[in-house]
1. Sorted by accessible area (1.4 Å probe), largest first, how do 230, 168, 1 line up?
2. So which aspartates and glutamates can residue 48 reach, going by Cα to Cα under 16 Å and dropping same-chain residues fewer than 8 places off?
3. Can you tell me the Rg and the Dmax, both Å, for the Cα atoms in the stretch 152-207?
4. Measure up 143/169; 10/123; 10/208; 10/44 against 23 Å on the Cα-Cα distance and list the ones that go over.
5. Ignoring ligands and nucleic acids, what accessible area does residue 161 show with a 1.4 Å probe (Å², nearest 10)?
6. Using the Karplus curve 6.51 cos²θ - 1.76 cosθ + 1.60 with θ = phi - 60°, work out ³J(HN,Hα) for each residue of the stretch 161-177 in order, rounded to whole Hz, and write x for Gly and Pro.
7. Just how much of residue 116 is accessible, in Å², when a 1.4 Å probe is used and the result is rounded to the nearest 10?
8. Return one whole number: the accessible area per residue of the stretch 91-140 in Å², for a 1.4 Å probe.
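The values are calculated or read from the model by the stated rules, or taken from the named source; none is laboratory data. Given the structure is predicted, the values throughout are model-derived calculations rather than measurements. Neighbour counts run over all protein chains shown; Cβ positions are idealised from the backbone, glycine included. The protein model used for the area step is the full one, side chains on, heavy atoms only, and it has no ligands, DNA or RNA in it. Shrake-Rupley method; radii C 1.70, N 1.55, O 1.52, S 1.80 Å.
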Amino acid sequence: MTVYFDNQEKRYFLLVNKSRVYLSSISELIAQHTFSMSPAMRYKAAEKHAKKRKITTEQVLQEWEETYNSAVDHGNTVHIAEAGTIKEISPPVATAPVIEYTYTRLRDLPDGTYRELRVFCDKYYISCRLDYINIYTEDGVRKATIRDYKTGVLRDKRTNDVGDPYRMKTPLHRLPDSETGKAIAQLSSYGYLCTLEGLECTLELWHKSATIDSEILPYIGPKMSEAQEMYHTYKVPFLIKDIFFLLNRNKLRVYGNKKQVPQRNTSTEVWYR
C-alpha cells in the first residue's frame with residue numbers, strides 16, 4: 001500500500017480515485033466522542049476555582065497551563081525512554097511538499113518487538129502509532145501483545161455536580177468518559193486494526209504510578225519495563241463490536257453517505273467472528 005505524507009499539513013493521506021483522503025487518527029476519533037471543555041467553559045471553571053481560593057482567574061489558568069505542560073513533558077520523557085523517539089517519514093528534500101512511501105502491513109512484518117510503530121488502514125482511513133507491539137507465532141497462529149504507556153491521572157469515572165458519571169458518545173456509550181474509558185477505546189482500536197491483519201491481540205495498559213488507580217481494569221501486577229522503570233499493569237478488554245461501529249463512522253465520513261460506501265459481506269467482519 002502506498003501512503004503519502006503532506007509535509008506542509010503534517011498529515012498522512014491516501015489517493016482514492018485520484019483524490020486525497022486524509023487519514024484520521026485514533027485520538028481524533030475518540031476525542032469526537034468525549035466531552036471537551038470550550039475556552040468559555042474553561043474560563044468559567046477557573047473563575048469558580050479562583051473564587052474559592054481567593055486568587056485571580058488568571059492565576060488559576062496559569063497554574064493549569066503549567067500543570068498540563070509539566071505532565072506532557074513527563075509523558076514525553078517516559079515514552080522516549082520506553083519506545084524511543086517518534087520517527088516521521090523523512091523527505092529526501094527538506095522542502096518536498098509530499099512524501100511517498102510503501103507501507104509494510106502488519107501481516108508482512110517478521111516476528112519481533114516494535115516501538116512507535118505506524119499502522120495505516122485503507123479500509124477505514126485511519127492511522128495510529130503504537131507505543132509497543134510484540135508480534136510472535138504460537139502453534140502456527142500469529143499473535144501480538146500491544147502495550148500503551150500512560151503517565152497521567154488514571155480515573156475510572158468522572159462525575160457531574162450531582163454525582164452522575166459521564167459517558168462517552170454513541171457508539172462508545174458503554175464506556176465512562178474518563179481516562180480509563182479513553183484508554184479502553186484507544187487500545188481496542190489498536191487491537192481491531194491489528195486483528196484485521198490476522199493477529200490475535202492481547203491489550204495491556206502500563207501506568208506509571210505509585211498506586212493502583214483503576215478498579216475497572218483487571219490488574220495484572222507490577223512489572224519492570226525494558227527501561228528499568230516500574231509500572232502498574234492492567235489487562236484491557238477488547239471491545240470489538242463498539243470499535244467496528246466507531247471506525248465505520250469514519251468510513252462513512254470519507255465517502256459522504258452510505259450509498260457510496262463499497263458493499264461487502266459483513267459476515268466476514270471481525271466482530272462477527
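1. Details: 230 95, 168 5, 1 55 Å².
From most accessible down to least: 230, 1, 168.
2. 58, 63, 161
3. 13.4, 45
4. Over 23 Å apart, Cα to Cα: 143/169; 10/208; 10/44.
5. Residue 161 has an accessible surface of roughly 140 Å² with all protein chains in place.
6. Each residue of the stretch 161-177 in turn: 5, 9, x, 7, x, 6, 10, 6, 7, 4, x, 9, 5, 6, 9, x, 7 Hz.
7. 20 Å²
8. Values: 2520 Å² over 50 residues.
Per-residue value: 50 Å².
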